[in-house]
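Student: Pasting in a structure now, in structure tokens, and then I'll have a few things to ask.
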């Protein structure tokens, strides 16, 4: 359990000015697997931006699969790429949500507040589209519609970049060697249930448990 | 009806939950169950990734279908493997309470099945935390996170999950598709699948698998699946989402030499224009093998050689991949033998030239040498 290969990283906030990363790697590496059986192994870091390749305000894979509403998918994906500003994740959260907790719960500023605060002019079509995307209630567009995605140029060496937290299925608690490896990295541990087998239940459990971590460790206290 | 085939050993040899892997008599696809909060079986979804997990064969014979009580499996305190529906498992837990209670980590997992109350659950969480974690802060965090989940899972988590409602207007009913889909006739569903307006629906593959399982010999489904993959591809969407459907098409084409002929050239062309898809296909051993077996027989030779060359340069040379690529090259070269023997017949279909043959032979010789050095010739037996 030494390397994470994050082709895809979703940012979760510590505060508007300080964000931690939930690394959800899409890779065939042995230690990180995903799928309908819910064997997700995730690590959470303090925010870092070195070696960043691209930053999107949503999950780019969903965009490429044409699974966002037409008002987003009709645009060029690179119009939403913001890595030229390395503080973009903080700015996106501040602009669209205001607080870390609101971002985590995907509760955006109201239309009125948003437009009054930022005086969006007619040219900011991308910004308006993003705000509309967050408020999209159709369940077809899940929370990946505003999971800030940071792509890196290479692997993350977990022995050098210490994770704050590791999340994995509770069956792994029986594997003391695995737990020792995680603890040796300096990470705290939370686990989530395997049954009832249901992909959405795994997501829900992970969200609830991660929120417990954020609250207890003061990550919501801006 | 889906049959129990294997268990995915997510507990990796220790007492704990296992995940039943199912097979359908109509496709060779592996499937897993998706349940509701009452452990009732609501969906059965293809699961190609099982090759990446530890598995163990099932010694019991069980079969299930949608709306049955779901199959629950675990390795018990005495290493016996238990598999049954929720009533059977609850009976077992009651009869073996003493043995199970000696292993708090196992008990903690089984408490979810029996729906244990807060107080007994809390005691078990504390025992687990004391057993696993040294730091008091970590113990408290873990127990508190369990408590929080226990309190919220009824009122928040499950309420936010689609409750498998029946949507009478359209089969595009979110994840509730399987309970509503049974209300539609096969003809209606085939029309729904054929309608391009539905091609980008996230339920398209679910509906296709459902109809295919019920109507394994309906050739229209093969035609529709090809049109769908071509459409998805022309929209620039990621081909990965087509893998479970592609798997069924390729598996079926093995026994039907004349099927999918134009599709082979499309697929080799499409993959050559986006080689990164090979990294995704590489994650599924059986799909990877089927893909190259198919492409070597039905793809454009030039494109397929490019794909093989890319795999040799960029992908790890694992035995299954070397076996699949070796076998593909042999297929290509054997076609050239037919070409020499029967020029007029094959020349109509395949366009070999001497350079291609030499190139294929060079690649094959490099692969065979690699296999000799690294796997002592196991590639011959490992091929599909």
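Each reported figure results from applying straightforward, stated rules to the coordinates on display, with no laboratory input. What you see is a predicted model; the values in this text were computed from it and never measured. Counting neighbours? That spans all protein chains shown, and the Cβs are built from the backbone with ideal geometry, glycine included.
Student: For the stretch B:209-289, what is the relative contact order in percent, using Cα pairs closer than 8 Å and at least 6 residues apart in sequence?
Tutor: 26 percent
Student: What FRET efficiency comes out for the pair residue B:56/residue A:85, r = Cβ-Cβ distance, R0 = 56 Å, nearest 0.05?
Tutor: That gives a FRET efficiency of 0.65.
Student: Also, I was wondering about something else. Where does chain B land at 222 nm, in deg cm²/dmol rounded to the nearest 500, when only DSSP H runs of n ≥ 4 count, each adding -39500 (n - 2.57), divided by all residues? Could you put the intermediate results ahead of the total?
Tutor: Numbers: 18 runs with 209 residues, N = 384.
Computed ellipticity for chain B at 222 nm equals -16500 deg cm²/dmol.
Student: Over the stretch B:1-69, what is the relative contact order in whole percent, taking alpha-carbon pairs under 8 Å and six or more residues apart?
Tutor: Numbers: 132 pairs, mean separation 25.4, N = 69.
The value is 37 percent.
Student: Send over the Kirkwood Rh of the stretch B:14-91, from the inverse of the averaged 1/r over different Cα pairs, rounded to one decimal Å. Walk me through the numbers on the way to the answer.
Tutor: Values: mean 1/r = 0.0751 Å⁻¹.
That comes to 13.3 Å for the stretch B:14-91.
Student: Compute the acute angle (0 to 90°) between the alpha-carbon long axis of helix B:319-341 and the principal axis of greatest extent of the alpha-carbon atoms of chain B; round to the nearest 10°.
Tutor: 30 degrees
Student: Okay, next question. Rounded to a whole number of µm²/s, how large is the Stokes-Einstein D of the stretch B:219-315 at 10 °C and 1.306 mPa s, given Rh as the Kirkwood radius over C-alpha pairs?
Tutor: For these conditions, the coefficient is 119 µm²/s.
Student: Pop the C-beta distance of residue B:373 and residue A:116 into the FRET formula with R0 = 45 Å and round what comes out to the nearest 0.05. Write out the running numbers ahead of the final one.
Tutor: Details: r = 70 Å, r/R0 = 1.55.
Between residue B:373 and residue A:116 the formula returns 0.05.
Student: Thinking of the stretch B:87-140 as a set of Cα atoms, what percent of all their pairs are more than 18 Å apart?
Tutor: Counting pairs separated by more than 18 Å, the tail of P(r) holds 33 percent.
Student: Still on this structure, please answer the following. What average number of partner chain Cβ atoms lie no more than 10 Å from the Cβ of the residues making up B:137-146?
Tutor: Details: counts 3, 5, 0, 1, 9, 8, 0, 6, 14, 7.
Mean partner shielding for this stretch: 5.
Student: So which residue, out of B:81, B:143, B:45, gets the largest mean-square fluctuation from a GNM of chain B using Cα contacts under 10 Å as springs?
Tutor: Looking only at B:81, B:143, B:45, the largest GNM fluctuation is found for B:143.
Student: If you stretched the chain out fully between residue B:254 and residue B:334, how much longer would it get, using 0.36 nm times the residue separation minus the C-alpha to C-alpha distance?
Tutor: Fully extending the segment from residue B:254 to residue B:334 adds 27.1 nm.
Student: Rounded to two decimals, what is Rg over Rh for the stretch A:40-179 when you use alpha-carbon atoms and the Kirkwood radius?
Tutor: Ratio of gyration radius to Kirkwood radius: 1.02.
Student: In addition: Can you pull the Kirkwood radius for chain B, inverse mean 1/r over Cα pairs, to one decimal in Å?
Tutor: This gives a value of 24.0 Å.
Student: Now for a separate question. Enter the angle in degrees (range 0 to 90, nearest 10) between the Cα long axis of helix B:104-114 and the first principal axis of the Cα atoms of chain B, meaning the one along which they spread out most.
Tutor: 90 degrees
Student: In percent, how large is the relative contact order of chain B, given Cα pairs closer than 8 Å and 6 or more residues apart?
Tutor: 10 percent
Student: Tell me the angle of helix B:136-152 to the major Cα principal axis of chain B, expressed in degrees between 0 and 90 and rounded to the nearest ten.
Tutor: So the helix axis and the longest Cα principal axis differ by about 90 degrees.
Student: Tell me, how many Å apart are the Cα centres for the stretch B:110-154 and for the stretch B:1-66?
Tutor: First find each Cα centre; the distance between them is then 27 Å.
Student: Continuing with this model, one more query. Return the Rg/Rh value of the stretch A:157-222, two decimal places, where both radii are evaluated on C-alpha atoms and Rh is the Kirkwood radius.
Tutor: 1.01
Student: Per residue and in Å³, how big is the convex hull formed by the alpha-carbon atoms of the stretch B:113-152?
Tutor: Given the Cα convex hull of the stretch B:113-152, per-residue volume reads 64 Å³.
Student: Peptide A:208-220: average number of partner chain Cβ atoms within 10 Å per residue?
Tutor: Going residue by residue through A:208-220 and averaging, the value is 3.
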